[in-house]
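Take a look at the structure set out below.
The values are calculated or read from the model by the stated rules, or taken from the named source; none is laboratory data. None of the values given here were measured: they were computed from a predicted structure. Every residue, glycine among them, receives a Cβ derived from its backbone with ideal geometry; neighbour counts consider all protein chains shown.
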Amino acid sequence: MKESLSIIGAGNWGTTLAITLSLKGLSVDLHSVFEEHNIQMQEERVNNLFLKGKRFPPSLTITKTLEDALKNDIIIIAIPVKFISSVLKKIKKHKVSLKNKIFVSVSKGIESKSLRRVSQIIKDELNILNIAVLSGPNIANEVINNVPSAAILACKNKKIGHRLQILFTNPTFRVYYHKDIIGVELGGALKNIIALSCGISDGLGFGINTKAALATRGLAEITRLGKALGANPITFWGISGLGDLATTCFSAYSRNRIVGEQIGKGRKLDDIIKDMNMVAEGVETVKAAFKLSRKLNIDMPIMKEVYSVLYKGKSPKKAVEDLMTRPLKTEKIG
């Protein structure tokens, strides 16, 4: 393949994709939104801030300016969701035609103020139509070490979707095509909130029974909200729904689960965030989910309790008690 692409965002996942795509023989430009970070990576040929020990292949270039990162036809956005809008506004200021560019979001979250998914933010800010989403149960540490993994590439344009499917696939990273952008994005975003709840359960010393209950009932909540927002409910039983949910809730490497675990042990959210050099997207996404559930009148008890613990000072033990003593119901999935 002779594809050339840019990745804007040099965090753990953005750098992992940059390295794996470069090793496939593609020409990759990686750009960090921090000038000093670009200089460090260019000089040392390694991302010491987010992915220590993984040397950059020769075909991976560090691009210092945002304008240079826009020269390629395929542009991957790998920025924490709360910063995406401001970066896209900077992109819009550059005199580069975006008409035929393809933007691929690999970020998982919902903007807490506007309640927009990432593809909506890209469309609104840049006024383009060629947008795709890559999501799935992908722990970066495993992908970079060639552990067999699967992902979903969602795009309304089937031709572009299949082009990107081929681009991202390699012998240890299998990519499936999907048309349901809404479902794929929401699955990737909302599962982080359930992972927070599972982490809180771990911090409180509960077992697998509790986590299994949270994960399955959490999936029902995700499905209900997703359906109300226009997603196909079946999507949430696939790789970007159930698959991503299982990985994030049970993996020792999951940032959202780790944050939840620390909260369950009694630490304050602000202190936890200060000690992290990476973003746990569920911390912001739960604000959006809470607002959406109230706006659409969707019953989401687990997400409501996570929000209350994180932002209303509710005791994790009290949150569990309130979940367990709700009125009895017939099980419904979605």
Residue within the range 167-183 that is buried (at least 21 other Cβ atoms within 10 Å of the Cβ) and under 19 Å from Met300 (Cα atoms) present: yes
Residues that are in a helix (DSSP H, G or I), in contact with a helix residue (DSSP H, G or I) (Cβ under 7 Å, 6 or more places away or on another chain) and within 16 Å of Val96 (Cβ to Cβ), drawn from the range 64-82: Leu66
Counted residues, the range 296-334 - those being surrounded by fewer than 20 Cβ atoms within 10 Å (Cβ to Cβ), part of a helix (DSSP H, G or I) and in contact (Cβ under 8 Å) with a residue 24 or more places away in the chain: 4
Meets criteria (within 24 Å of Tyr253 (Cα to Cα) and either surrounded by fewer than 22 Cβ atoms within 10 Å (Cβ to Cβ) or within 17 Å of the chain's Cα centre (by Cα) (or both)) for Ser105: yes
Any hit, the range 164-179, residues being assigned by TED's automatic domain parsing to the domain that holds Ser293, assigned to a helix (DSSP H, G or I) and in contact with a Phe, Trp or Tyr (Cβ under 7 Å, 6 or more places away or on another chain): no
Qualifying residue in the range 21-36 (condition: closer than 30 Å to Pro171 by Cβ, in contact (Cβ under 8 Å) with a residue 40 or more places away in the chain, within 20 Å of the chain's Cα centre (by Cα) and in the same structural domain as Phe173 (by TED's automatic domain parsing)): yes
Sole exception among (1) assigned to a helix (DSSP H, G or I); (2) without any contact (Cβ under 8 Å) to a residue 40 or more places away in the chain for Ser119, by number: (2)
Sole residue being in contact (Cβ under 8 Å) with a residue 24 or more places away in the chain, surrounded by fewer than 19 Cβ atoms within 10 Å (Cβ to Cβ), within 24 Å of Thr285 (Cβ to Cβ) and in contact with a strand residue (DSSP E or B) (Cβ under 9 Å, 6 or more places away or on another chain), chosen from Leu134, Leu153, Leu126: Leu126
